[in-house]
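The values are calculated or read from the model by the stated rules, or taken from the named source; none is laboratory data. From a predicted model like this one, the values you see are computed outputs, not experimental measurements. Note that we place each Cβ from the backbone using ideal geometry, even for glycine, and neighbour counts take in every protein chain shown.
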């Protein structure tokens with residue numbers, strides 16, 4: 001199809017047009033849809049409700065675990081606790097049996113139990129023309145009014161911290177979906193380590209967020225997903241209406257992640273990165289937050305700062321201040337879409 005959009009999130013310019021046309025009839029909506037705004041916020045008088053919806057489209061193994069934890073990550077970035085879940089589960093025609101349905105729903109139940117989430121509503125069906133299950137998870141959380149953290153809260157002078165490293169989710173997906181392509185290029189132990197990345201170091205950031213909020217003044221938090229850390233930094237910059245500066249050498253990337261991404265020719269910055277928590281912190285509290293995370297066994301690093309350039313939206317890297325390209329799509333999409341016309345790794349240079 002001529003002018004077909006690439007796999008992944010809609011381009012930001014198109015997304016803004018859609019958002020500008022979105023209906024709004026209830027004044028209790030505090031925060032609605034926007035680029036880099038992952039959750040809706042509704043004023044319930046004595047507290048805020050936090051609303052989040054996310055699909056899981058890349059993963060087949062452990063898809064129920066991913067669905068709950070990915071949505072819970074975004075709830076956590078507001079300082080809230082996830083409470084209720086709604087799920088829509090679409091299974092492929094001709095490839096679904098009771099065992100598959102049971103496996104996925106058991107994953108959902110276990111993940112909800114681990115996070116104290118109640119199932120409020122669900123829809124399941126066998127769907128024509130799918131080649132794998134697709135789950136769409138909606139979560140509703142609650143937070144006290146004085147504990148709310150918004151992505152718009154980053155301020156000039158704030159320091160930018162990142163937990164764990166990148167790209168945890170991308171590493172796990174590639175190792176689980178394409179082990180044959182990794183055989184002979186990585187050891188069996190390395191492939192096994194990468195396949196377990198969804199659990200260790202883990203794609204969840206609810207604990208990261210709780211510890212960080214308890215240790216200091218967190219002004220904004222963001223969960224890097226599609227488009228990786230580069231997209232998340234652009235979204236953070238846009239939400240704050242400030243430029244941000246990052247140190248590429250400070251961004252943690254494990255050896256096994258680098259090896260796997262090299263096989264597929266993918267840039268760590270532009271590869272789906274759930275499992276890392278991006279946050280802006282009052283500079284007076286930055287050391288305390290880093291210390292609390294490290295003492296809890298969560299690796300964390302300072303990777304940059306918010307610049308005092310209100311109204312300027314850009315991400316600059318290194319001492320030269322070179323602008324970091326904003327990804328058009330997540331690079332992992334090129335691995336799944338053989339007819340996409342986008343060779344993996346073509347968006348930007350590796351670092």
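General remarks:
- Among the residues of segment 31-59, those identified as touching a helix residue (DSSP H, G or I) at 6+ places or on another chain (Cβ under 7 Å) and modelled with pLDDT under 95 are 33, 34, 35, 36, 37, 38, 39, 54, 56, 58, 59.
Residue-wise test of (1) in the same structural domain as residue 209 (by TED's automatic domain parsing); (2) within 23 Å of residue 198 (Cβ to Cβ); (3) buried (at least 24 other Cβ atoms within 10 Å of the Cβ).
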{"residue": "250", "(1), (2), (3)": "yes, no, no"}
{"residue": "253", "(1), (2), (3)": "yes, yes, no"}
{"residue": "265", "(1), (2), (3)": "yes, yes, no"}
{"residue": "269", "(1), (2), (3)": "yes, yes, yes"}
{"residue": "278", "(1), (2), (3)": "yes, yes, yes"}
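- When the residues of segment 1-38 are filtered to those that are touching a residue at least 60 places away in the same chain (Cβ under 8 Å) and part of a loop (DSSP other than H, G, I, E, B), the one that is surrounded by the most Cβ atoms within 10 Å (Cβ to Cβ) is 38.
- With respect to being modelled with pLDDT of 95 or more, outside any helix (DSSP H, G or I) and at positive phi, residue 141 falls outside the description.
- Considering residues of segment 155-175 that are outside any helix (DSSP H, G or I) and either out of contact with any strand residue (DSSP E or B) (no Cβ under 6 Å at 6 or more places or on another chain) or not assigned by TED's automatic domain parsing to the domain that holds residue 228 (or both) only, the residue surrounded by the most Cβ atoms within 10 Å (Cβ to Cβ): 167
- Residue in segment 204-217 that is under 19 Å from residue 8 (Cα atoms) and either out of contact with any helix residue (DSSP H, G or I) (no Cβ under 6 Å at 6 or more places or on another chain) or buried (at least 21 other Cβ atoms within 10 Å of the Cβ) (or both) present: no
- Test: residue in segment 176-193 that is in the same structural domain as residue 268 (by TED's automatic domain parsing), buried (at least 24 other Cβ atoms within 10 Å of the Cβ) and either part of a helix (DSSP H, G or I) or modelled with pLDDT of 95 or more (or both): no
- Here residue 157 passes the criteria (1) in contact with a helix residue (DSSP H, G or I) (Cβ under 8 Å, 6 or more places away or on another chain); (2) farther than 26 Å from residue 261 by Cβ except the one numbered (1).
- Selected residue (only one of 94, 45, 79 is touching a residue at least 12 places away in the same chain (Cβ under 8 Å) and either outside any strand (DSSP E or B) or within 15 Å of residue 118 (Cβ to Cβ) (or both)): 79
- Filter result (within 14 Å of the chain's Cα centre (by Cα), assigned to a helix (DSSP H, G or I) and closer than 15 Å to residue 76 by Cβ) within segment 198-243: 202, 206, 208, 209, 232
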